[in-house]
Amino acid sequence: MANPLRGEVIRLYKNLLYLGREYPQGSAYFRQRLKSAFMKNKDVTDPDKIKKLVARGDFVIKELEALYFLRKYRAMKKRYYEPDK
Amino acid sequence: MSGRVLVGVKRVIDYAVKIRVKPDNTGVVTDGVKHSMNPFCEIAVEEAVKLKEKKLIKEVVAVSCGPQQAQETIRTALAMGADRGIHVEVSGKDYETLGPLQVSKILAALAKKEDAQLIILGKQAIDDDCNQTGQMTAALLDWPQGTFASEVSLEGDKVKVVREIDGGLETIKINTPAVVTADLRLNTPRYATLPNIMKAKKKKIANMKPAELGVDLTSRLEVLKVEEPPQRQAGVKVETVDDLVSKLKEAGRI
């Protein structure tokens, strides 16, 4: 039972859950999607495959951070700067 | 040279929240509304942390003035890489009238106390849009100021600041200690991730009262009224060109 990658997966889930609180469509929407994405792979046992999936999750984290940054940047730009710049 | 940088962070209503005015027109609704760090303050924190990563400075101190919840904002700054925090506790009536002048007095007192080499602030907060705190702090300390920075580099005991001005950029070189205020394009602030927020809980936040710094918070401003911006008038659909022309004539456009 005690898979050495278990902690990794839980860490990933927690981090994603935390990021989801700011998701534009709401945290409930994000949480549901997140859970189903993890549940879909619950039977994966091959360590290499798990590592690949965790790497994919880490990539999603980077994407989300970029999304939030851009969203904020655009909002600020729209509010405070001339449109033609 | 102390190598210490003071960064001011403000807790404001989150940028994505729709602002609602209180029914009695005395202010905006803040209860139960999501708050976060002012986006321009995030840029200021990022710049200070970057300077530290380049080993140009030694310590980044995040300062926030406000009620208990301001500590969350300081915590975010610590998660982004600041070394320690100072929470200047201002609550109740004082917090309602807390403006740029009061905050700059606090920052000026802290800068002297902490022997800061540089103060980095956001150019303005997205709640009151004052754009005054940096300028006032520089004036109170009689330090040079580099406002609307889109590039900052330390050169010995001088700071080179590229400023965003109307229609272009201006490069200035000022002596330290100095006050720098961050514009939008200065950098891309990093995200305060969950593991970093957890780690930040170990960092220290000092608690202070304005009175301990010898700062008087009386405000000379009185807010008369806070109103919603005017609503956009609904448009009219016209059937034919003739209708359009007559409508435009009615409106006095042609």
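What follows draws every value from the coordinates through simple rules; no lab data is involved. Quantities reported herein were computed from a predicted structural model and do not represent experimental measurements. In this analysis, Cβ positions are derived from the backbone assuming ideal geometry, glycine residues included, and neighbour counts consider all displayed protein chains.
Applying the criterion of being under 12 Å from the mean Cα position of the chain (by Cα) and away from every other protein chain (no Cβ under 12 Å) to the residues of the range A:1-35, the residue that is nearest to A:Arg56 (Cα to Cα) is A:Leu34.
With a requirement of 1 or more residues that are within 13 Å of chain A (Cβ to nearest Cβ) and β-branched (Val, Ile, Thr), the strands (runs of 3 or more DSSP E) lying completely within the range B:146-186 that satisfy it span B:158-165. Take A:Glu65 and decide whether it is surrounded by 12 or more Cβ atoms within 10 Å (Cβ to Cβ), touching a residue at least 24 places away in the same chain (Cβ under 8 Å), facing chain B (nearest Cβ under 9 Å) and not polar (S, T, N, Q). Spelling it out, A:Glu65 is indeed surrounded by 12 or more Cβ atoms within 10 Å (Cβ to Cβ), touching a residue at least 24 places away in the same chain (Cβ under 8 Å), facing chain B (nearest Cβ under 9 Å) and not polar (S, T, N, Q).
Evaluation of B:Asp142 against the conditions (1) without any contact (Cβ under 8 Å) to a residue 40 or more places away in the chain; (2) within 30 Å of B:Leu224 (Cα to Cα); (3) loosely packed, with under 15 Cβ neighbours inside 10 Å shows that the sole unmet condition is (2).
The strands (runs of 3 or more DSSP E) located wholly in the range B:1-103 that include 2 or more residues which are within 14 Å of chain A (Cβ to nearest Cβ) occupy B:11-13, B:35-37. A single entry from B:Gly134, B:Gly122 fulfils the requirement of being touching a Cys at 6+ places or on another chain (Cβ under 6 Å) and either within 12 Å of another protein chain (Cβ to nearest Cβ) or surrounded by 22 or more Cβ atoms within 10 Å (Cβ to Cβ) (or both): B:Gly122. Within the range B:207-245, the set of residues being surrounded by fewer than 12 Cβ atoms within 10 Å (Cβ to Cβ) and aliphatic (A, V, I, L, M) comprises B:Ala211, B:Leu221, B:Leu224, B:Ala234, B:Val236, B:Val241.
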